[in-house]
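Notes to accompany the following structure.
The values are calculated or read from the model by the stated rules, or taken from the named source; none is laboratory data. As the structure is a computational prediction, the values presented were derived from the model and not from experiment. Ideal geometry is used to build each Cβ from the backbone, glycine not excepted, and the neighbour counts take in all protein chains shown. Note: accessible area is taken over every heavy atom of the protein model, side chains too, but ligands, DNA and RNA are not part of it. Shrake-Rupley method; radii C 1.70, N 1.55, O 1.52, S 1.80 Å.
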Amino acid sequence: MSKFYITTPIYYVNDEPHLGHAYTTILADTLARYHRLFGEDVFFLTGLDEHGQKVQQAAQRRGIPPQQHCDEMAERFVGLWRRLSVSNDDFLRTTQKRHVKAVQRFLQVLYDRGEIYKAPYEGWYCIPDERFWTEKDLTDGKCPECGRPVVRLSEDNYFFKMGKHQDWLVRHIEEHPDFIMPEARRNEILGFLKKPLGDLCISRPKARLSWGIPLPFDPDYVTYVWVDALTNYISAIGIYEDEVRFCRWWPADLHLIGKDILMTHAVYWPTMLHAAGIEPPLHIFAHGWWLLEEQKMSKSRGKVVQPLELIERYGPDAFRYFLMREMAPGQDSNFGEEALVARYNSDLANDLGNLLSRVVRMIKQCTQGRIPSPGREEPLDRELREETLKAAGKVRGRIEDLRVDLALEEAVEIARRVNRYLERTAPWKLHKEGKGDRVGTVLYFSAEVLRILGDILEPVMPGKAVELKYQLGVSSKGRWEERVLWGVLEPGTTAPGGPPLFPRVRLEERKEEAYITLEEFQRLDIRVGEVTSAGSVQGTRKLLRLEVDLGGEKRQLVAGLAEHYAPEDLVGRKVIVLANLKPARIRGVESQGMLLAADDGKNLALIVPDREVGSGARVR
Ligand code: MSP
């Protein structure tokens, strides 16, 4: 079985997870899930970069120890990945012992091989970026990367002989055209390597930065955060600890990164590995940036998109779909919620979701809710089947080329094709004309294509794909070849259907008034009560008069329950009461609070505590 080792960058914990982090992680997750579906043995690694000055400063600002800060931030990242169904096989944090040990061994190997030397270093230092710059690197005397002021620093440090490996690196890039992708990024690095490559300062004096991994050969120094961070890709798979495991996964098949960290991955990392006698990774792919108003998202500029809000509004699967569909992985994309809503409504609600509802509804009406048997196949049916399977093949090809966006375009086109097929075959008319055989064929073909679509889309929308298939009465599992084939749906099985897969959404105008604050919520006095008596309110059909015990305090309530509950069924039950609602007279009876119930227009259900709890208990 071939293997696929895929990684994301490990994210800094000085920042909350934002859309950019979510994008890389979802892209990696999508690819990992597809490769598992293709039958490969996948190892998907992500994690956190927890050392360095910025983290130390962030913890200082909060007045807590750095490790506590890291632990708290780790929970946020992990929580977000869980919410997004990220299927990583490991989660590496650079403060973990296994990693610290591996970094020290790696540094010791480099040192023992004569790849590291000590020398005075003087240069311009950008504190927030933790990077030294030479005079000619500076832009208008400022940091060329972030534009912030730099300070002059001079100190003894350790250096890695990076320059020594330049010729090897250039040759490697030339001989392996897919080593750095896309091509524009490869050319960028080759262009950069036309100039002599200097050596790399890989230490920081402990006196200036204590939050780091000590150099094994000089405890007065900690290692530069990038040496620490890059090593995660080999520490996680047990380098120097478990040779069998390491050899099973290394070299990594794909380091997925944003273009902001191309230099460190395409120059520092391979040269360090080469110096330590380790093979370079097979592929590095640098995707573009999500921009907000044409600028890279950046916390310092106050321009970030918080994924959680969008996930709450549109659901994790639609959010994943949008990010994967919208960005051509090599290029930048502008983020806009309008675009998300437009894609959601057109691709998901309309093309896919409506199609499913339509097919399931017709199956209910025409074939008693069971998957029909296909009858004689006509040219239109054959065409649909062949084109679907051909398109599925293209989807796979696009994924292998890392073009998830085009793969999804292809997949949605399959749904559109079924919609056209239904318009042309018009099974609702056939049904009226009593052509049951033909109806069965058309509905079988439509449902089977939808099922295939569910399987194809599962790596992008793991939750909704399962729901889609559930509505058709299947739960296909197994590899791509066992799913992307014709005839998996079994005639006669019940297609239970269900609620719309993607209910249409409107771009919410998020006015402040739409929210209530926690304080406002806390003004509500909601309590558990026990119904002690119940009876009708004279002259009404809908109202009941209840007496409720709120833990020693009796209340009389009038509630619109008579059409849904008999009074005798309510006595002795625990209910939930809004106790500080202003009393009101309803049909001459005073109501001193309000009973809480859920109402979907058809059914009304009382809200009740799901286990024993005393009367008077507060709901919060
Ligand atoms: N800790 C380093 C990486 C070390 S890897 C050995 C780091 N961390 S980071 O938190 O700044 O994350 C950078 C990564 O987040 C980018 O490479 C990219 O994957 C993702 N993104 C951050 N902002 C982004 C956008 N605006 N758009 C798309 N992705 C971006 O650098």
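Remarks
- Our summary gives the chain a relative contact order of 11 percent, counting only alpha carbon pairs under 8 angstrom and 6 or more residues apart.
- The listed peptides 455-461, 37-43, ordered by packing as a protection proxy, come out as 455-461, 37-43 (highest mean of other Cβ atoms within 10 Å first).
- By accessible area with a 1.4 Å probe, ligands and nucleic acids excluded, highest first: order of Cys247, Cys126: Cys247, Cys126
- Calculated log₁₀ intensity ratio I(q)/I(0) where the Debye formula runs over C-alpha points of segment 262-420, q = 0.18 Å⁻¹: -1.21
- Computed magnitude of the charge dipole of segment 339-483 (debye, nearest 20; Cβ of K, R +1, Cβ of D, E -1): 500
- Accessible area of Glu409 (1.4 Å probe, protein heavy atoms only, ligands and nucleic acids ignored): about 90 Å².
- Segment 339-483 - percent of accessible surface contributed by carbon and sulfur, probe 1.4 Å: 47
- Rounded accessible area of His287 (nearest 10 Å², 1.4 Å probe): 10
- Size of charge dipole - segment 419-471 - debye, nearest 20, with Cβ of Lys, Arg +1 and Asp, Glu -1, no other charges: 260
- Environment charge of Gly114, counting only residues whose C-beta is closer than 11 Å and scoring Lys/Arg +1, Asp/Glu -1: +1
- Extreme residue, positive dipole direction of the chain, given options Val86, Thr134, Leu604 (C-beta unit charges): Leu604
- Whether segment 520-606 is rounded, prolate or oblate, judged on the alpha carbon gyration tensor where a/c under 1.5 counts as rounded: rounded
- Average accessible surface for the chain: 46 Å² per residue, computed with a 1.4 Å probe over protein heavy atoms with every protein chain in place.
- Rounded to 5, the percent of DSSP beta bridges in the chain classed as antiparallel: 70
- Packing-based ranking of 252-258, 566-572 yields 252-258, 566-572, ordered from highest to lowest mean Cβ neighbour count within 10 Å.
- Global geometry of segment 471-620, whether rounded, prolate or oblate, following the gyration tensor of its Cα atoms and the 1.5 cut on a/c: prolate
- Stokes-Einstein diffusion of segment 339-483 at 4 °C, 1.567 mPa s viscosity, Kirkwood radius from Cα pairs, rounded to a whole number: 83 µm²/s.
- Between the Cα long axis of helix 404-425 and the first principal axis of the chain there is an angle of about 30°, rounded to the nearest 10.
- Exposure ranking of Asp401, Asp525 by accessible area [1.4 Å probe, largest first]: Asp401, Asp525
- Between 0 and 90 degrees, the angle of helix 97-112 with respect to the longest Cα principal axis of the chain falls at about 20 degrees.
- Segment 16-58-segment 92-171 distance, computed between alpha-carbon centres (Å): 24
- Loop-resident sites, segment 518-561, for GluC sites (Glu not before Pro), counting at most 14 other Cβ within 10 Å (DSSP): Glu553
- Rolling a 1.4 Å probe across all protein chains gives Tyr240 an accessible area of roughly 70 Å².
- Computed from Cα atoms, the angle from the helix 166-175 axis to the main principal axis of the chain rounds to 50 degrees.
- The chain: radius of gyration and largest Cα-Cα distance (Dmax), Å: 30.8, 97
- Annotation for segment 512-588: chymotrypsin sites (Phe, Trp or Tyr not before Pro) lying in DSSP loop with at most 15 further Cβ atoms inside 10 Å of their Cβ are Tyr515.
- The overall shape of segment 195-291, judged from the alpha-carbon gyration tensor, is oblate: a/c is not under 1.5, and a/b is no greater than b/c.
- Helix-only CD estimate at 222 nm, as mean residue ellipticity for the chain, using -39500 (n - 2.57) per DSSP H run (n ≥ 4): -11500 deg cm²/dmol
- With contacts taken as Cα pairs under 8 Å and at least 6 residues apart, segment 339-483 reaches a relative contact order of 30 percent.
- Spacing of the modelled spin labels on Arg82 and Cys146, each 7 Å from Cα toward Cβ, amounts to 3.1 nm.
- Taken over segment 136-209, the convex hull of the Cα atoms encloses 143 Å³ per residue.
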